[in-house]
Amino acid sequence: MHRYYSQLIFIVTFWIATSLGCVASQAEDVVQDALPVPAKQPHFNKASFLPNELDRDVPLHPDSEKRQLLALNPRAKVEEASDLNVWRAKSNQVDELLQRWFSETGPGAAVMVIKDHEAVYQKGHGLASLTGERPPITPKTQFQLASMTKQFTAMGIAILCEEGQLSLDDSIVKFFPELSTREVKVRNLLQHTAGFQEYDDLFVQLGILGSLDSRSSSGPRSPFEPQIADVVSVLKSQKLAYFPPGNEYHYSNTGYILAAAVIEGVSKKPLGTFLEDKIFSKLGMTNTFVNDAAHTLTSNVAHSYSFDGVGTKTDMDYTPLNKIYGHVGIYTNLEDLFKWEQALYKSEQQKNPKHILVSDAMLDQIFSSGTLNDGRTTTGFGLGWVIDSNGSVWHNGEWAGYRSIIVRYPNESYTVVVLSNLATTDSSAVFRSIDKIYYPPQDVKLPRPTRQRNSDERLRVRSVISAANNR
């Protein structure tokens, strides 16, 4: 009898233990169901800027300590409908979204979505100006592109290369003998590897300018408003650099100002005139210009604003650096940007051969990441564009109260453009929200782990029963 009870106790004990294991397994399943679904690889995972420096709109290198990676909503790759009516039908959703972002009685934004070479959404929200007739923002309203200007400056260099007037590997000493202390190539200027100090910092450090803060255009102006020649002059006196050319990546407005000066020196034309001849007029971009000393802004240009106190907004169009260009300075609208974006496709996708600006081989260089001197490290920046590993090319911009971004997925024929005249606008966040409408995130159900007894566990069961039988 004693042996019988001992065997029974062992069997009951083992049954309880295994039952608890099953309960634990079920509990694991419940917890697994409650876990948040891990984010998939975002569709757009590298958009950033320095938020408190209005004349430093910089998507920084991914490895930079200053880079801010935005927490983006994932965009799942879904089967795309070939019928563009599906895309057009989502316009109401974009309207509802942007009406939540921007008040119709304050500054706002112009937004465009391009799919399969058609503008499936192109509309303005908010006001271009809070004074006078308070005109609404439309696809014709002109905005300062801020650092989106860089892609035009880079294209200008590319055109001169195709014409045989310069090479990306030319030393800039060829164009600026006074900068003979730096063996910088044209390519370094465009890929942010030249190592020059920032021009605006130098103006302040040398006492040439006081405050660089953006302020109302109706207020007092600076007694000195530098131009490109002044930037070159200041750099000539500086022997210090961030690093030897090509050794590192450091986002640089100075490099693109010098690139604009190279274009002017080679072409014997102001940058605005050169771009008008080679790009704007060729593409029919009749509402696009460089804001140089010869230009006066028209009534069709949106004023930019920031909050000044509770519920009030003040224009902040002016900075003493406004007449320096190449890094910033181009004004345009959605209608013209559609023409520009279409010209960036390769020849086989061009509907009008007259709109081809450079060869396919040059486009490959424009949209390929640069490499540092070690031959291995890529910079994540091509010629005027951030090159993203997810298949997108993009650039954002900030200048005064203007905010902008263009994100292109060339392989998907899909592009989003946001132009805003409100300093608090996060253009990258606006893009992400729009992207979710056209490519909604897909739920991912993690596989539920199953509890399976392995061979070791089966051996333990047998040993318990054997021990019970031997008692």
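Nothing in this text is a laboratory measurement; each read-out follows from the coordinates by a stated rule. Please read these numbers as outputs of a predicted model, since none were measured by experiment. So basically every Cβ, Gly included, is an ideal-geometry build from the backbone, and we count neighbours across all protein chains shown.
For region 303-382, the ratio of Cα radius of gyration to the globular rule of thumb 2.2 N^0.38 Å stands at 1.66. For region 394-403, 3J(HN,Hα) computed residue by residue from phi via the Karplus equation (6.51, -1.76, 1.60; θ = phi - 60°) reads 7, 7, 10, x, 9, 7, 6, x, 8, 9 Hz, glycine and proline entered as x.
Note on region 142-281: Cα-only Rg and Dmax are 15.6, 46 Å. Using the Cα coordinates of region 84-438, the gyration tensor eigenvalues translate into equivalent-ellipsoid semi-axes of 31, 26, 18 Å, sorted from longest to shortest. Taking a Cβ cut-off of under 11 Å around residue 416, the surrounding Lys, Arg, Asp and Glu residues balance to a net charge of +1, with basic ones at +1 and acidic ones at -1.
Region 85-155 gives an Rg/Rh value of 1.03, both radii derived from C-alpha positions and Rh following Kirkwood.
Packing order of peptides 237-243, 196-202, 313-319, 167-173, highest average first: 313-319, 196-202, 167-173, 237-243 (average count of other Cβ atoms within 10 Å over each peptide's residues). Hydrodynamic radius of region 148-197 by the Kirkwood approach over all distinct alpha-carbon pairs: 11.4 Å.
Taking amide H positions as placed in the peptide plane 1.01 Å from N, state which residues far from residue 387 in sequence (5 or more) or on other chains have amide H under 5 Å from it. Amide H neighbours of residue 387, under 5 Å, 5+ apart: 381, 382. In sequence order, region 314-327 has phi-based couplings of 10, 5, 9, 6, 9, 8, x, 9, 4, 9, 8, 9, x, 8 Hz under the Karplus curve 6.51 cos²θ - 1.76 cosθ + 1.60, θ = phi - 60°, and Gly or Pro positions carry x.
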